[in-house]
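> Have a look at the structure that comes next, please.
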Protein chains: 2
Amino acid sequence: MKDYLKHHEWEIIEEGFDPHLNKISESVFSIGNGRMGQRANFEEEYSGDTLKGSYVAGVYYPDKTRVGWWKNGYPEYFAKVLNAPSWIGIHISVDGHKLDLAKCKVEDFKRVLDMRTGLLTRSFAATLSDGKKLRVLSKRFCSMANGEVGAIRYAFTPLNFSGKITLSLYVDADVVNKDSNYDEKFWEEVSKEASPGRALVVAQTKKTFFHVATAMKFQITTHGKIVTVDRINIEQREKFAGNVFQIDVEEGKETIIYKYAAVLSSENHPKEKIAAQANHVLDDAFAKGFDKLFDEHAKVWEHKWEECDITIEGDIAAQQGIRFNIFQLTQTYTGEDERLNIGPKGFTGEKYGGSTYWDTEAYCLPFYLGTSEQKVSRNLLVYRHKHLARAIENAQKLGFKDGAALYPMVTMNGEECHNEWEITFEEIHRNGAIAFAIFDYIRYTGDEDYLADHGLEVLIGISRFWAQRVNWSADKNKYVMLGVTGPNEYENNVNNNWYTNYIATWTLKYTQEAISLVKKKHGKRFEVIADVVRLKEKEETSKWADIVEKMYFPHDPKRDVYLQQDNFLDKELLRVSDLKQEDRPLNQKWSWDRILRSCFIKQADVLQGIYLFEDDFSIETIRKNFDFYEPMTVHESSLSPCVHVILASKLGYKAKAYELYLRTARLDLDDYNNDTEDGCHITSMAGTWMSVVKGFGGMKVKEGKLHFNPFMPDQWKSYSFRIEFRNRVIKVKVSNEGVTTKLESGEPLEIVLKDEAVMLS
Amino acid sequence: MKDYLKHHEWEIIEEGFDPHLNKISESVFSIGNGRMGQRANFEEEYSGDTLKGSYVAGVYYPDKTRVGWWKNGYPEYFAKVLNAPSWIGIHISVDGHKLDLAKCKVEDFKRVLDMRTGLLTRSFAATLSDGKKLRVLSKRFCSMANGEVGAIRYAFTPLNFSGKITLSLYVDADVVNKDSNYDEKFWEEVSKEASPGRALVVAQTKKTFFHVATAMKFQITTHGKIVTVDRINIEQREKFAGNVFQIDVEEGKETIIYKYAAVLSSENHPKEKIAAQANHVLDDAFAKGFDKLFDEHAKVWEHKWEECDITIEGDIAAQQGIRFNIFQLTQTYTGEDERLNIGPKGFTGEKYGGSTYWDTEAYCLPFYLGTSEQKVSRNLLVYRHKHLARAIENAQKLGFKDGAALYPMVTMNGEECHNEWEITFEEIHRNGAIAFAIFDYIRYTGDEDYLADHGLEVLIGISRFWAQRVNWSADKNKYVMLGVTGPNEYENNVNNNWYTNYIATWTLKYTQEAISLVKKKHGKRFEVIADVVRLKEKEETSKWADIVEKMYFPHDPKRDVYLQQDNFLDKELLRVSDLKQEDRPLNQKWSWDRILRSCFIKQADVLQGIYLFEDDFSIETIRKNFDFYEPMTVHESSLSPCVHVILASKLGYKAKAYELYLRTARLDLDDYNNDTEDGCHITSMAGTWMSVVKGFGGMKVKEGKLHFNPFMPDQWKSYSFRIEFRNRVIKVKVSNEGVTTKLESGEPLEIVLKDEAVMLS
């Protein structure tokens, strides 16, 4: 855990330059706009430790799988998030001495991310190796108003000299991916062009042949006047195009470089026109200028914050933490493009590749449901519907048939790209999360038609998978599900994981309901669907009903708790509080077998199931299971605490709820797990939001109504959040004086506050 | 399966040259002598598909581990068998046209491995690209009389031309390892020298710094007269030294090159003297000449065959198969050096790295016990004793303490080098096999003193491991062992694998007996051992006794069979005969999870346990378990069938025994698994020997007496085998006329033949 960032309500602030922290800051200060993103790398050259990262949504490379021991069924490729061509470079040298913060004396270094406006600012004074000193102030953003535009305002002032400064401004596709399996470069040049004042490179990914055009155009001013450069040299090499030139600078006089970038992908533009269109986008941006672009950008952010801000009074660190999480989620996924999804690192790093895990459905969807217009979360669902054929193929590879669908553990284009057998093949509860997301979306939005449009097909595919994945145990006289890994990944290849069995039977039930509903409301559409998926309705649904009726669920009658899996009680049942500090975190200190045979839980999946289906269980059952499992849970997944916060809140365990909330609220800001340098934990940030809104705020939707049941953490003075619900924005404020709810926009609405109906208007 | 090798009682014969089969033949025709080995690569250049392999026993390279997903506890390195510097090269060209069988027209190609004498012969006629035709006859062997010497007799005759031939004879350490994880070369040059007629390279392995000196010296004759070469050019480059020269050849006249090689390792010679000593060994070999060296070599083989031959009448393929297995095992491990062991590919390939698996104890030890003098198998045991400290370290890494020892799954120097969590950390039954081997050795040889010398320390270390690896299940009121993988690797991470639980409790019992015995017979030595290992005798043995008493063993009361693991009966119980042909082999056709949750068994480990401890079980129990498990067993491990042959033989299932025997007897000769090109399955060859001797022959040792209970496979006329037992050689011949037993050497001995005592003299 680190604590080097200043606490501030709206800003992330780093003061002083510590090269050892640079990669962490590069992650934390990342900016993006849903289409492109950029780590907080320096514009200047930097020879110190850095992870360069420019990202273009939806563009990936299928890197040849690397394994120690191949298992039949592994995918050939792992779809990697790509470090894309760089648009930020502004290299500066004076008389051959480079401005390179790894080699200069650096003073007054400050990096600020203004979350209100999505603006990254950096300022410092640097003394070059020959003693010349420059002050620099750079600002940049990725436009939320136009997802293909980035802009930089890079101002510098010679502090102790006058003379000539050499500048190189460029775009560069000759970039590496740290996460490459075989140290391969993933980009090839398609074309490039450069002329005074501008440059463009069109690069394509190997194998996938995505084209990305990266173009830049710049202007230089001094005291508000445009500087005309006498002679600009065109610098071109493989995958690289730019301008090199000298300008005269005067001691104490500020020079400002405005560098505008356009980043276009062949996902959105025809390849043959992409260069021209990039130039067009670039010229438009250039014409608007930095300030106007920024105003448009800031307006979008203003609107976003109106929809989804959470305020916390009395704890600036907590306020900063929750806003940081909301900020990152908002700039990662805007919901405008149903081909996109939320990668585990968003636009802040390459690690884990892929773009889509079950995190999306289980953690991110509730955030976008609660903070964005309906189409945003709908697009997340449509994304999976578009991948249905691939999910069916994926299941076929594993021996399933007749339209059974297994969604991949990790994917970019619908194909599985993960390769650990105990996860890829066995962590199949993800299929349940995808089914549940359809229910969750409809419950929240009331958009039942989605079933007819897309949802039912997905549900049928998933139900078919479950029906084939269980088998009849003659010994138990029940259906069982063997060889699975639950959300608690500290167990592998177990039999009858309670959570997986539960969500599987739930899916089978819900699919039957969905069939009835679509039949009733959209009879013709149902016939089309039944025909397309070749549904043998009676045969299949009666099989499903049989499984629902005769499914086995491990249970301990003595303690009256559900058992995480078969034979869980054979373990030595210890508590996390029995562990020595030096054994934590277990996943860094214990060998894998020791973790597996211990009772310790990464995230408690019985509780995950109880959280999802809480209305199925009495408060006493919830309490017994929470009291049994939580003390064994080490929460070594960043996805773990939020579910426990929500249940602890429900059970009135205030201190526990707050303790668990703290574990994720500032996970990246404080580099809690010592891995933020690889990128931020984007998807788990949604869990932090859930902790506040569904946990402390007790928000849920039941029978079409919004319920709140808030409590006040002792450590805070007040907190408030805004909820987007069926075309309304509702603000809830909780303080020691009580709870106020306010309809900020939309039609009047009846909500349920602490079990009492309240009319908002 | 292939069938291109001619059937012959003593020879392996390939006729005609098929480049597609070349790598398979390179494996099958490999030669070795326990210290060095050589795949059947060509002496000439060969630009076609080949796996070059020269091996020096005990020399390895710790290659950086390659995994997809790192698990805490994985070793940093995988000790790789090394392709060592090559000593066989004789390159030939005529007027710039190379003799390269990939580019020549090849006629009359024949490769013969004479197993009686360990001689590899190859002959062919080749037409070079310019039409010149040569006949070649090459012979080579790795001397069994001097493990550091190899010799080649390479004769060639121009068939349609006279003129000059260019020859290059060399040693070459610039070699690659196919199995390298990162395409790295593993050898560096230390020194080299070359002068007319000879050359030497001393190379060292990176990281491990083994030195290997490879030297060659040659002589050329025509019609028995030594050819003096006018001018020899020295050819030297990095890691390479040789001679290049021209000789005159005459149409129809044979020229013979005698190339002698010395291969010395720093395991046996001081590094600073290794070059000089290599030259010394080389000069000695050269002085003796090819024929004398060969005679000495052939005599050793003659003696070996007298000890261990098996004859089969009426089935030449079976005869050839069993001799091939004995031949390979004998040339892989001679038992003279207790630092060595039996790698899975012996000297026939690199794959799987390491040199030691549990195969050694479970399969190879019985072979060497039955065919070699006592010290050979004793050295296999001493090998593990030498690694005890490393096994204790290995257990510590996994969280065990107080002298608990876990022997590695795969090792070269005692350190674990495997990296699949479900095997490395969980396939711990290997520890039981190492304990059992001590018992097995003593049972066979009567050498109880071995316990005091080395055995007891190993047993205590292993028992401590078991005592810590089990835990008390409050639920079962028994000790349980969670999270293991049994010998049946088609189950991973199961609870209470019956075999592992059984061999663990057996170890705990046997260790207590061993303590009593050593205390009684070697009281002082016992005190030393107890002090060295810090034995808390009473406390530890009473814990062990408690575990023995209260260990849990899964059992099905209905069928009265032991259950392979907990919840085995939840599976859908099918038979292998229910599987479609297109699903076989499962490990190539089914995804891993499907294999895991199916009932199908790679090798039946309940039966493995019953085989090891057969006197613990009634014939009815054996039958019930065999009848339950064998029909579910796919035998997709080459180690599987032999155990089943032995039990089927005991149960009188003659047809089943023979069917299973056939699966391994010619595994490599017929390339049954389509992988012989990577090397032969050396360790499983011992299982074939066991199938004949312990299976068909019913050989076992009980209370110090040799028992035989032979039956006659219907397909054969007769078979015979020789057994080395306590300084006697006993020959057993079985035919339809009955069984004859004969003491071929040693003192008179009472044996038990079909339950009746027979005195042999």
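> What pairs come up if the first residue lies in the range B:216-227 and is farther than 12 Å from B:F290 by Cβ, the second is assigned to a strand (DSSP E or B) and acidic (D, E), and their beta carbons are under 9 Å apart, counting only those six or more places apart or on different chains?
That search, which allows pairs on different chains as well, returns B:V227/B:D248.
> What are the residues in the range A:464-477 that are within 18 Å of A:E540 (Cα to Cα) and facing chain B (nearest Cβ under 10 Å), if any?
Within the range A:464-477, A:R469, A:N471, A:W472 qualify.
> Return a yes/no flag: does the range B:575-590 have any residue that is over 12 Å from B:M632 (Cα atoms), touching a Phe, Trp or Tyr at 6+ places or on another chain (Cβ under 6 Å) and at the interface with chain A (Cβ under 7 Å from one of its Cβ atoms).
No; the residues of the range B:575-590 include none that is over 12 Å from B:M632 (Cα atoms), touching a Phe, Trp or Tyr at 6+ places or on another chain (Cβ under 6 Å) and at the interface with chain A (Cβ under 7 Å from one of its Cβ atoms).
> Also, quick follow-up: Are there any strands (runs of 3 or more DSSP E) wholly within the range B:1-96 with 1 or more residues that are more than 30 Å from B:N379 (Cβ to Cβ) and over 22 Å from the mean Cα position of the chain (by Cα), and if so which?
B:11-15, B:60-64, B:90-94
Residue-wise test of (1) over 23 Å from the mean Cα position of the chain (by Cα); (2) crowded, with 24+ Cβ neighbours inside 10 Å; (3) in a loop (DSSP other than H, G, I, E, B).
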residue	(1), (2), (3)
A:G399	yes, no, yes
A:N431	no, yes, no
A:D440	no, no, no
A:D475	yes, no, yes
A:A504	yes, yes, no
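> Still on this structure: For the range A:73-103, which positions are within 14 Å of chain B (Cβ to nearest Cβ) and surrounded by 18 or more Cβ atoms within 10 Å (Cβ to Cβ)?
A:G73, A:Y74, A:P75, A:Y77, A:F78, A:K80
> Here's a follow-up. When you scan the range B:243-285, how many residues do you find that are assigned to a loop (DSSP other than H, G, I, E, B) and within 14 Å of B:V190 (Cβ to Cβ)?
Counting residues in the range B:243-285 that are assigned to a loop (DSSP other than H, G, I, E, B) and within 14 Å of B:V190 (Cβ to Cβ) gives 3.
> Is it the case that the range A:512-526 has a residue that's of a type in the set (D, E) and within 14 Å of chain B (Cβ to nearest Cβ)?
no
> Go through the range A:493-528 and report how many residues are closer than 22 Å to A:V561 by Cβ, touching a Phe, Trp or Tyr at 6+ places or on another chain (Cβ under 9 Å) and of a type outside the set (S, T, Y).
7
> State all residues of the range A:489-507 that are touching a residue at least 60 places away in the same chain (Cβ under 8 Å), among the polar types (S, T, N, Q) and within 14 Å of chain B (Cβ to nearest Cβ); if no residue qualifies, say none.
Across the range A:489-507, the qualifying residues are A:N492, A:N493, A:N495, A:N496, A:N497, A:T500.
> Could you check the range B:532-611 for helices (runs of 4 or more DSSP H) lying wholly inside it with 2 or more residues that are out of contact with any Ser or Thr (no Cβ under 9 Å at 6 or more places or on another chain) and in contact (Cβ under 8 Å) with a residue 40 or more places away in the chain?
Because the criterion is at least 2 residues that are out of contact with any Ser or Thr (no Cβ under 9 Å at 6 or more places or on another chain) and in contact (Cβ under 8 Å) with a residue 40 or more places away in the chain, the helices (runs of 4 or more DSSP H) in the range B:532-611 that meet it are B:537-550, B:592-597.
> B:V410 versus (1) away from every other protein chain (no Cβ under 13 Å); (2) in contact with a Cys (Cβ under 6 Å, 6 or more places away or on another chain): which is the lone unmet condition?
Among (1) away from every other protein chain (no Cβ under 13 Å); (2) in contact with a Cys (Cβ under 6 Å, 6 or more places away or on another chain), B:V410 violates only (1).
> Looking at the structure I just gave you, is B:V484 more than 14 Å from every other protein chain (Cβ to nearest Cβ) and at pLDDT 95 or above?
Here the answer is no, as B:V484 does not meet what is asked.
> Keeping to the range B:667-722, report how many residues are under 20 Å from the mean Cα position of the chain (by Cα), farther than 18 Å from B:A318 by Cβ and not hydroxyl-bearing (S, T, Y).
7
> Next up: Can you name the residue in the range A:618-652 that is in contact (Cβ under 8 Å) with a residue 24 or more places away in the chain and in a loop (DSSP other than H, G, I, E, B) and is also surrounded by the fewest Cβ atoms within 10 Å (Cβ to Cβ) among such residues?
Checking each candidate, the answer is A:G652.
> Taking into account only those residues within the range B:414-426 that are surrounded by fewer than 24 Cβ atoms within 10 Å (Cβ to Cβ) and among the charged types (D, E, K, R), which is nearest to the other protein chains (Cβ to nearest Cβ)?
Here the residue is B:E420.
> Here is a further query. Within the range A:442-462, identify whether any single residue is surrounded by fewer than 24 Cβ atoms within 10 Å (Cβ to Cβ) and within 14 Å of chain B (Cβ to nearest Cβ), and answer yes or no.
No, the range A:442-462 contains no residue that is surrounded by fewer than 24 Cβ atoms within 10 Å (Cβ to Cβ) and within 14 Å of chain B (Cβ to nearest Cβ).
> Specify which of the listed residues (B:K571, B:K580, B:K589) is among the basic types (K, R) and under 30 Å from the mean Cα position of the chain (by Cα).
Within the list B:K571, B:K580, B:K589, the selection yields B:K589.
> On the given criteria, is B:Y490 within 18 Å of B:F439 (Cα to Cα) and touching a Leu at 6+ places or on another chain (Cβ under 7 Å)?
Criteria not met by B:Y490.
> Spot the failing condition for B:I165; the list is (1) in a strand (DSSP E or B); (2) within 22 Å of B:S25 (Cβ to Cβ); (3) hydrophobic (A, V, I, L, M, F, W, C), and only one is missed.
(2)
> Let me ask something else about it. Within the range A:354-391, which residues are surrounded by fewer than 24 Cβ atoms within 10 Å (Cβ to Cβ), of a type in the set (S, T, Y) and part of a helix (DSSP H, G or I)?
If the condition is that a residue be surrounded by fewer than 24 Cβ atoms within 10 Å (Cβ to Cβ), of a type in the set (S, T, Y) and part of a helix (DSSP H, G or I), then A:Y383 is the only one that fits.
> Does A:F42 satisfy the criteria of being within 14 Å of chain B (Cβ to nearest Cβ) and out of contact with any helix residue (DSSP H, G or I) (no Cβ under 6 Å at 6 or more places or on another chain)?
No.
> Out of B:D605, B:D615, B:D560, B:D566, I need the residue that is buried (at least 20 other Cβ atoms within 10 Å of the Cβ), acidic (D, E) and more than 13 Å from chain A (Cβ to nearest Cβ). Which one?
Exactly one residue qualifies, and that residue is B:D605.
> Can you tell me how many residues in the range A:104-129 are assigned to a loop (DSSP other than H, G, I, E, B), out of contact with any Leu (no Cβ under 8 Å at 6 or more places or on another chain) and modelled with pLDDT of 95 or more?
Adding up the residues that qualify gives 4.
> Return the total of residues in the range A:208-221 being surrounded by 17 or more Cβ atoms within 10 Å (Cβ to Cβ) and part of a strand (DSSP E or B).
Qualifying residue count, the range A:208-221: 9.
> Right, A:N394: within 14 Å of chain B (Cβ to nearest Cβ), assigned to a helix (DSSP H, G or I) and over 16 Å from the mean Cα position of the chain (by Cα) or not?
Yes; evaluated as a whole, the condition is true for this residue.
> Pairs only if they're at least six apart or on different chains, beta carbon under 8 angstrom, first in the range B:229-251 and among the polar types (S, T, N, Q), second at pLDDT 95 or above and not in a strand (DSSP E or B); list them, first residue then second.
Matching pairs, first to second residue: B:N243/B:P196; B:N243/B:G197.
The values are calculated or read from the model by the stated rules, or taken from the named source; none is laboratory data. All values reported here derive from a predicted model rather than from experimental measurement. Cβ sites come from the backbone with ideal geometry, for glycine too, and all protein chains shown count toward neighbours.
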